[in-house]
Amino acid sequence: MKTRVLFICVHNAFRSQIAEAYLNHLAGDKFEAESAGMKATEVNPLAVKVMAEDGIDISHKKAHSVFDYFKEGRFYGYIISVCSDAENEGCPIFPGMSQRLSWSFDDPSKFTGTIEEKLEQIRKIRDQIKEKIKAFIKEAQ
């Protein structure tokens, strides 16, 4: 049976979508990842672009509300916040036995500059998340 993992960030537009995609891509045989946001908006096109650069298509993904998942009574083995520490407050406590982890990543929606400058910063976050996912896969086995 696969271990269910929920990645949470503020808008479910960047970080949590990227983490979900990498975990499902790299270890979909062991984990079933989902993602959600506290104030779900929509998946950012720049997140879609940087993931496509790494061979992963998230263009079909939709943003989801963590509170909808909570109300549905979903169970997860791991709840992982990928918000910055300052944004981490307000995450609901899900029912059942879950391990809660907090991985602090900068919020790409706050990046400034040209599109190319933003993409460069987002690629760094993407790569940091990918490395964190690889470490998580090794530790959680």
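Bear in mind these aren't lab numbers, they're just calculated from the coordinates by the rules spelled out. This is a predicted model, so every value here is computed, not measured. Note that each Cβ is placed from the backbone with ideal geometry, even for glycine, and that neighbours are counted across all protein chains shown.
Would region 24-39 turn up any residue that is among the aliphatic types (A, V, I, L, M), touching a residue at least 60 places away in the same chain (Cβ under 8 Å), touching a strand residue (DSSP E or B) at 6+ places or on another chain (Cβ under 9 Å) and closer than 16 Å to residue 136 by Cα? Scanning region 24-39, I find at least one residue that is among the aliphatic types (A, V, I, L, M), touching a residue at least 60 places away in the same chain (Cβ under 8 Å), touching a strand residue (DSSP E or B) at 6+ places or on another chain (Cβ under 9 Å) and closer than 16 Å to residue 136 by Cα, so the answer is yes.
Take residue 22 and decide whether it is under 19 Å from residue 132 (Cα atoms), among the aromatic types (Phe, Trp, Tyr) and out of contact with any Gly (no Cβ under 6 Å at 6 or more places or on another chain). In short, yes. Taking region 21-30 as the search range and keeping residues that are in contact with a helix residue (DSSP H, G or I) (Cβ under 7 Å, 6 or more places away or on another chain) and surrounded by fewer than 24 Cβ atoms within 10 Å (Cβ to Cβ), which one is farthest from residue 77 (Cα to Cα)? Looking at residues that are in contact with a helix residue (DSSP H, G or I) (Cβ under 7 Å, 6 or more places away or on another chain) and surrounded by fewer than 24 Cβ atoms within 10 Å (Cβ to Cβ), I get 26.
Is it true that residue 84 is polar (S, T, N, Q), more than 24 Å from residue 116 (Cβ to Cβ) and in contact (Cβ under 8 Å) with a residue 12 or more places away in the chain? In short, no.
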